[in-house]
């Protein structure tokens with residue numbers, strides 16, 4: 001008696017499992033063995049709501065029937081694709097499913113509003129991110145490599161003329177240039193977009209108020225005078241609070257996503273092929 005009663009939960013569990021499989025197969029096929037594509041009331045309402053959101057009105061009966069027909073068509077093609085294993089070894093399907101799973105992980109890792117202490121710690125650790133960019137005002141004289149045989153050599157004499165000559169003489173010096181000869185309050189990034197990264201970086205090291213050169217850009221050779229270089233003040237948390245909160249929450253989401261992905265990774269046994277070295281290959 002004791003032996004029979006101890007086995008009954010297991011038997012019940014097995015019977016329940018068999019019953020669930022049978023119900024699932026019954027739902028997937030009709031009484032005549034044909035496959036079934038169910039369209040629920042909730043699906044119809046979702047189609048109606050999507051139409052309303054796109055067109056700003058309720059669909060007519062004919063339009064709604066068209067939406068349902070298209071949904072059924074999609075369902076049939078989807079099921080047939082799965083039946084034929086078309087989802088296997090398809091990099092596009094693989095990427096889309098992986099991307100959808102990533103979205104699900106992100107949705108499940110919503111971060112709560114950070115406490116003031118946490119915000120202050122994050123801000124202190126990344127304060128340079130919120131500092132305003134240094135801005136420079138500068139003038140330059142261009143020496144063309146097309147019009148001159150040796151612009152680098154010519155720059156030495158022209159540099160002395162600019163340093164010793166009357167103020168304003170720089171405007172007529174050098175060669176014609178397609179862009180401006182003077183720029184005001186430009187960041188290093190803006191200067192880099194105009195003249196190249198090397199030119200922008202070099203300007204940051206020049207002593208203001210005097211002419212320097214030669215300085216190379218993507219166009220050629222320049223003589224440059226930095227008139228003003230701003231010194232942005234130390235940022236305060238309250239001035240950039242919204243940005244800090246946004247960045248901290250984004251960092252938390254990344255951390256939680258990484259942890260969730262690692263937890264999933266630990267459920268799988270990844271078996272890599274043995275790759276032979278060049279000397280072992282036939």
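We did not get these values from a lab; they are worked out from the coordinates using the rules stated. Because the structure is predicted, anything quoted here is derived from the model rather than measured. FYI the Cβ positions are ideal-geometry reconstructions off the backbone, even for glycines, and counts take in every protein chain you see.
Odds and ends about this structure:
- Relative contact order computed over the range 133-229 (Cα-Cα under 8 Å; 6+ residues apart), in percent: 44 percent
- Potential lengthening between residue 169 and residue 44 on full extension [0.36 nm per residue; Cα-Cα distance subtracted]: 37.3 nm
- Extension gain (nm, one decimal) between residue 128 and residue 85, 0.36 nm per residue minus Cα-Cα: 10.3 nm
- Cα-projected label distance for residue 218 with residue 148, points at 7 Å along beta-carbon direction, nm: 2.2 nm
- Computed packing ranks the peptides 147-154, 176-183 as 147-154, 176-183, most packed first, by mean other Cβ atoms within 10 Å.
- Paramagnetic label zone (point 7 Å from Cα along Cα-to-C-beta, residue 229; backbone N under 15 Å) in the range 147-174: none
- Length added when fully stretched, residue 268-residue 209, from 0.36 nm per residue minus Cα-Cα: 14.8 nm
- Angstrom value of the Kirkwood radius, inverse mean 1/r, which spans all Cα pairs in the range 151-272: 18.9 Å
- Highest mean packing comes first when the peptides 83-90, 44-51 are listed by Cβ atoms within 10 Å, giving 44-51, 83-90.
- Shown is the FRET efficiency for residue 247 and residue 104, computed with R0 = 22 Å from the Cβ-Cβ distance and rounded to the nearest 0.05: 0.40.
- Mean Cβ count within 10 Å, highest first, over the residues of peptides 64-73, 214-223: 214-223, 64-73
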